[in-house]
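**Q** Next up is a structure, given as structure tokens.
Taken together, the values in this text are just the output of simple stated rules run on the coordinates, not laboratory data. If you're wondering where the values come from, they're calculated on a predicted model, not measured in any experiment. For neighbour counting, all protein chains shown are included, and Cβ atoms are generated from backbone atoms with ideal geometry for every residue, glycine included.
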Amino acid sequence: MNVLAFERDAIAVLWVDTDGWGAAAAKRCLGDCGYHVGEVESVTAALQAARSQRFDVAVVGLPRIDQHSLELLGRLHATAKSMRVLVVVDEATVATAVSAMKVGVSDVLVKPVGDGDLERVIQASAEDAKVSSCAADPPSGGASRAGRSSILGTSVAIGTVLQWIDRVAPSAMPVLIEGESGTGKELVAREIHAASRVADQPMVAINCAAVPASLLESELFGHEQGSFTGAIASKRGLFEMADGGTLFIDEFGELAGGLQAKLLRAIEDGRIRRVGATEERQVRVRLVAATNKTLSDEVRAGRFREDLFYRINVLGIRLPSLREHPEDIGLLVKHFLGDSWTLGEGVLKALQQYAWPGNVRQLCNALERSKVLAAQPGIIAIEDLPREIVTAGGEPPLEIGGNVDLETLNRVHVLKVLKQHRGNKAKTSRVLGINRRSLYRLLEKFGSKHGG
Ligand SMILES: Nc1ncnc2c1ncn2[C@@H]1O[C@H](COP(=O)(O)OP(=O)(O)OP(=O)(O)O)[C@@H](O)[C@H]1O
Ligand SMILES: [Mg+2]
């Protein structure tokens, strides 16, 4: 291995060239930029090098990611936790990229990668590595985020979301957040930006549903003077405004077909063109998209481009509906009500039984309303709750009695919704926000436990 004596502050890059990929030019470029470069020819040799010396970033050239390389990459990450591992491959699928991130790879780049791009990614990763190696190593996974996150919840469902944020935030790849209305998609988008490498740069947000379709292209990409009636001066678009930072595109599923193509190009190589312009511009934007639709359904229905979906969904997540984590309702209530309020008898139970189609936002609004209407200040009584929440419970207090576990609550709720829809399983699963197969599984489980 050819390793130089490193100065303390220079960025140290471990160049792992397993496939003879453009090494000479890219290495020279890094050297010219003042980086220290150590070079090895296999991941196994990289493991050894990383054990004996501190590197900020490892750049691993591979033909593709397979089971064997995944295992080695995982070990490389585990050997030097503060070192960022970038992988440069000939080809990657959604599944392999996700698997790579899961074993600790911070970014997957697909060849060809421009020297300038590579340098930018390395620089960003190195800064990230330095920051995290200065801070005392936090415990890994959701535990590190829980407690300092504005996303509240101690359920497994929320823990999974927090862990996912920790994993994807440092990457430059686009992310997709799906979830029903009010599940916290925007909140999650803001946390991703705050935990990203570009947190000190702006996050620019746009809601596709709130902008008329005819203006959306110019909003996103900008326009030149006179390019359409009313374009009296040229204008920068949001991609340009977000350059260097994050662009949050809300209601992403509302994007029209032509714009989807333009967006794909912007994501793939950072090239955008203002409306009416002839030349393209280069931007570097981290894209976070959110939608309350199920984008794969939109693809199947022919309303959304498959290629864009796959590109954006590599690091996708579906946020849980509130029905899926009723155990967090107590905590959320405490947070929304503040210290000077308590719940009257049966109120928490009623809240936990309700289906919350509007999720956390609806819960927050219901509590605000109840506070105003409360007969006795400081206490929310069952009568103060919106009618639909209480009546949705039907006969529950009698039916389930005092000491009730989550499974019973679930069973009561599912069976009630089923009854409300006269046994129609398609409708029931839609209302419950689960797929039909999960509903069948639940019914089977309840059936076997309760005499069929
Ligand atoms: N887990 C959570 N902990 C604390 N607050 C939450 C949580 N989830 C959502 N909220 C709050 O609920 C409200 C709705 O969240 P947000 O606006 O992020 O939802 P959304 O998914 O973007 O909804 P929509 O699809 O309607 O735009 C916000 O006030 C947000 O702070
Ligand atoms: Mg939103």
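**Q** Assuming R0 = 30 Å, what is the FRET efficiency of Glu368 and Lys419, from their Cβ-Cβ distance, to the nearest 0.05?
**A** Details: r = 31 Å, r/R0 = 1.03.
After rounding to 0.05, the efficiency reads 0.45.
**Q** Under the 0.36 nm per residue contour assumption, what length would be gained going from the current alpha-carbon distance of Glu91 and Ala195 to full extension?
**A** Numbers: separation 104, 0.36 × 104 = 37.44 nm, distance 2.81 nm.
My answer for the length gained is 34.6 nm.
**Q** Take every DSSP beta bridge with both residues inside region 12-134 and express the antiparallel ones as a percent of the total, to the nearest 5. Don't jump to the answer; show the numbers that get you there.
**A** Working: 0 of 20 bridges.
DSSP beta bridges in region 12-134 are roughly 0 percent antiparallel.
**Q** Give me the distance in nm between label points sitting 7 Å out from Cα along the Cα-to-Cβ direction at Met241 and Asn207, one decimal.
**A** 1.5
**Q** Still on this structure, I have one more. Less than 17 Å from a label point 7 Å out along the Cα-to-Cβ axis of Thr160: which backbone N atoms in region 81-124 qualify, by residue?
**A** 98-99, 102
**Q** Filter the chymotrypsin sites (Phe, Trp or Tyr not before Pro) in region 171-244 down to the DSSP loop ones having no more than 14 other Cβ atoms within 10 Å, then list what survives.
**A** Taking region 171-244 and a limit of 14 other Cβ atoms within 10 Å, the loop chymotrypsin sites (Phe, Trp or Tyr not before Pro) found are Phe228.
**Q** Would you order Lys419, Lys185 from fewest to most other beta-carbon atoms within 10 Å of each residue's own beta-carbon?
**A** Lys419, Lys185
**Q** How much mean residue ellipticity at 222 nm does the chain get from its helices, if each DSSP H run of length 4 or more adds -39500 (n - 2.57) and you divide by all residues, to the nearest 500 deg cm²/dmol?
**A** Rounded to the nearest 500, the figure is -13500 deg cm²/dmol.
**Q** Counting other C-beta atoms within 10 Å, which of Phe309, Phe55 has the fewest, and how do the rest follow? Please report the intermediate quantities before stating the final value.
**A** Details: Phe309 20, Phe55 26.
With the fewest neighbours first, Phe309, Phe55 line up as Phe309, Phe55.
**Q** While we're on this one: What pairs from Lys102/Lys427; Lys293/Lys445; Lys293/Lys334; Lys185/Lys235; Lys27/Lys102; Lys425/Lys445 go past 25 Å between their alpha carbons?
**A** Lys102/Lys427; Lys293/Lys445; Lys293/Lys334; Lys185/Lys235; Lys27/Lys102
**Q** While we're here: Counting DSSP beta bridges with both partners in region 142-318, what percentage is antiparallel, nearest 5?
**A** Roughly 20 percent of the beta bridges in region 142-318 run antiparallel, per DSSP.
**Q** Related question: Which whole-number percentage describes the relative contact order of the chain, with Cα contacts under 8 Å and a sequence gap of 6 or more?
**A** 11
**Q** Any chance you could check the Cα centroid distance between region 219-247 and region 347-374 for me, in angstrom?
**A** The two parts, judged by their Cα centres, are 41 Å apart.
**Q** Report, in debye and to the nearest 20, how large the dipole of region 142-318 comes out about its Cα centre when Lys and Arg carry +1 and Asp and Glu carry -1 on their Cβ.
**A** 280
**Q** In addition: Using only alpha carbon pairs under 8 Å that are at least six residues apart, calculate the relative contact order of region 32-109 and give it in whole percent. Don't skip to the answer; put the middle values down first.
**A** Working: 99 pairs, mean separation 24.8, N = 78.
After rounding, I find 32 percent.
**Q** Just for the chain, what percent of DSSP beta bridges are antiparallel, to the closest 5?
**A** So the antiparallel bridges in the chain amount to around 10 percent.
**Q** Set Lys and Arg Cβ to +1 and Asp and Glu Cβ to -1, take the dipole of the chain about its Cα centre, and tell me which of Gly258, Ser227, Cys364 lies farthest positive.
**A** Cys364
**Q** Within the chain, which is the longest segment containing none of the GluC sites (Glu not before Pro) that sit in a DSSP loop and have at most 13 other Cβ atoms within 10 Å? Please report the intermediate quantities before stating the final value.
**A** Numbers: sites that count: Glu7, Glu91, Glu279, Glu345.
Between the exposed loop sites, the longest stretch runs 92-278.
**Q** Also, I was wondering about something else. Which order do Tyr310, Tyr35 fall in if you start with the one that has the fewest other Cβ atoms within 10 Å?
**A** Going from sparsest to densest Cβ surroundings: Tyr310, Tyr35.
**Q** Oh, and also: Assign one of three labels to region 12-134, namely rounded, prolate or oblate, based on the Cα gyration tensor with a ≥ b ≥ c the square roots of its eigenvalues; rounded applies when a/c is under 1.5, prolate when it is not and a/b is larger than b/c, and oblate otherwise.
**A** Since a/c stays below 1.5, the shape of region 12-134 is classed as rounded.
**Q** Nearest 20 debye, what's the magnitude of the dipole of the chain about its Cα centre given +1 on Lys and Arg Cβ and -1 on Asp and Glu Cβ? Mind dumping the intermediate values first?
**A** On the way: 54 positive and 55 negative charges, 248 e Å.
With Lys and Arg at +1 and Asp and Glu at -1, about 1200 debye.
**Q** Along the charge dipole of region 12-134, which of Leu109, Pro63, Gln123 sits closest to the positive end, that is, farthest toward it, with unit charges on the beta carbon of Lys, Arg, Asp and Glu (+1, +1, -1, -1)?
**A** Going by the Cα projections, it comes out as Gln123.
**Q** Report the paramagnetic label zone for Thr79: residues of region 27-53 whose backbone N is under 18 Å from a point 7 Å from Cα along the Cα-to-Cβ axis.
**A** The answer is 37-53, whose backbone nitrogens lie closer than 18 Å to the label point.
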